[in-house]
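Bear in mind these aren't lab numbers, they're just calculated from the coordinates by the rules spelled out. Predicted model, so just to flag it, every value in this text is computed and none were measured. Cβ atoms come from the backbone with ideal geometry, glycine included; neighbour counts cover every protein chain shown.
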Amino acid sequence: MQEGGQGARRALRSMFAVLLPLICTVLALVLVGGYFFSGKLKHSTEMELKAGTIATLKEPVPSSAQSQASTPAAVPAQEWNHLINSVTHCHGEYAYAGTDGTDYVSICVTPEGLLYQGYVGNGILRRPAIEVSPGVFEVNAGAHTIRVNDAMVEVLDELGDLKLELQMSEWLSR
C-alpha cells in the first residue's frame, strides 16, 4: 500500500516538474504580450484621433491650473503648460489653450493649418479649425460646430442652437 502512495507522489512531482516551466512560460508571454499590446493600443488610438473620431480616455488627467490667464501678444511655450493635458498638448505653437480644471481645449498651429484638440466630458476630439476673427475659432464637428472665443467654448447644432457651453476659468490666446 505504501508503494502505491509513493508512486502517486512521484507522478505528482513529475507532473509538477513539467507544469512549472509551462506556467512560467505562459505568464511571461502574457506579460510581454501586454507590454506590446499597450504600445499598439496607444498607436491605434492616435490613428483614430488623427482621423477625427471620438474616443474615451481612461487615464486620469491632472490639472495644475491656478489663476486666471490673460491674452498677451507673444506667449512663451512654457506658459501654456498648466492649461493643457496629454491629449491637448501641441507639438508646435499654440493659438489657444484653456481649461476649467476638468475639460481641456487647445488650438494648435500646424503646417496643415489650425488643429482643435479637446478633452471634454472624458471624450477626445481632434479636428481642423479656422480662425473666423482674431481670437475666435470654429471647428466643424459633423452635425455640430464648436466655437472657441476667449473663455467661452460653445457647441452649436446645425440650426445654431446652443447644445453645450463651457466657461474656461483659465485660458490663453495668441
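Listing for the model above:
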read-out: Region 77-156: C-alpha gyration tensor shape, a/c 1.5 cut-off, then a/b vs b/c; value: rounded
read-out: Inter-label distance for D150 and S14, nm, one decimal - labels placed 7 Å from Cα along Cα-to-Cβ; value: 8.5 nm
read-out: Highest to lowest packing among 156-168, 132-144, scored as the average C-beta count within 10 Å; value: 132-144, 156-168
read-out: In range of the label at L162: residues from region 87-109 whose backbone nitrogen is under 20 Å from the point 7 Å along Cα→Cβ; value: 98-105
read-out: Label-point separation in nm, T102 to R127, each point 7 Å along Cα→Cβ; value: 2.2 nm
